[in-house]
Amino acid sequence: MVQGSATKPAKADTVPEAIDPLRFRGALGLFATGVTVVTATHPTAGLIGITANSFSSVSLDPPLVLFSIANKARSLSAFLEAPGFCVNVLRKEQRALSARFARQSQDKWADVAYTAGRFGAPILPDTMAAFDCLHHAQYEGGDHRIIVGRVVDMEHNVEGEPLLFFGGRYRVLGEEAE
């Protein structure tokens, strides 16, 4: 009988050469993701929102989700200071909404309908799902901050198709895999 053994992590002096950031980004782009708009309301900054595909579930009990935001993002401090946030999962018809919140603009919220969640975070209408969250934890993650939220309310509608991002472009679902 052969017993397995745990491998030890590499020591700092044995870390391989740095990975080219452009190649790394290109490889990451081959992982298809959904597209979300993460929103919050800050006491002084007002409404904030960003397009993010760095959304993931963390835990069912308690219900936790995460997203990450660049350390250089202008809205980072406002997201961290807001009492909570909402992750809005977009439908294929909401590509323009994704593009709007992906840009740095003073008027992102012009003519955008929403309802306020439990902590004031905007919940966008007609999304696939919306997760209203209270801040739970945050972590340093290289050039990003990882923000974990405890889901306190949610809504979802399985009708329709999600907006996807793959290979640097928006996509929609194709054939069902067998």
Using the alpha carbon gyration tensor of the range 121-178, what are the three equivalent-ellipsoid semi-axes (square root of 5 times each eigenvalue), largest first, in whole Å?
26, 19, 10
Taking a probe of 1.4 Å, how large is the accessible area per residue of the chain, in Å²?
67 Å²
In the range 16-104, the GluC sites (Glu not before Pro) that sit in a DSSP loop and have at most 15 other Cβ atoms within 10 Å of their own Cβ are 17
Please tell me the relative contact order of the range 61-172 in percent, rounded to the nearest whole number, where contacts are Cα pairs under 8 Å and at least six residues apart.
35 percent
Hydrodynamic radius by Kirkwood for the chain, inverse mean 1/r across distinct Cα pairs, in Å, is 17.9 Å
Net charge within 9 Å of residue 172 by Cβ-Cβ distance, Lys/Arg positive one each and Asp/Glu negative one each, not counting residue 172 itself?
+1
On the accessible surface of the range 45-98, probed at 1.4 Å, how many percent belong to carbon and sulfur atoms?
56 percent
Assuming a ≥ b ≥ c are the square roots of the Cα gyration tensor eigenvalues, decide whether the range 60-110 counts as rounded (a/c under 1.5), prolate (otherwise, with a/b larger than b/c) or oblate.
oblate
Label-point gap, in nm, between residue 77 and residue 161 - each point 7 angstrom along Cα→Cβ
4.3 nm
FRET efficiency for residue 134 and residue 17, using Cβ-Cβ distance with R0 set to 45 Å, rounded to 0.05
0.60
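The values are calculated or read from the model by the stated rules, or taken from the named source; none is laboratory data. No experiment lies behind these values; they were computed from the predicted model shown. Reconstructed Cβ throughout: ideal geometry from the backbone, glycine too, with neighbour counts over all protein chains shown. Heavy atoms of the whole protein, side chains included, go into the accessibility calculation; ligands, DNA and RNA do not. Shrake-Rupley method; radii C 1.70, N 1.55, O 1.52, S 1.80 Å.
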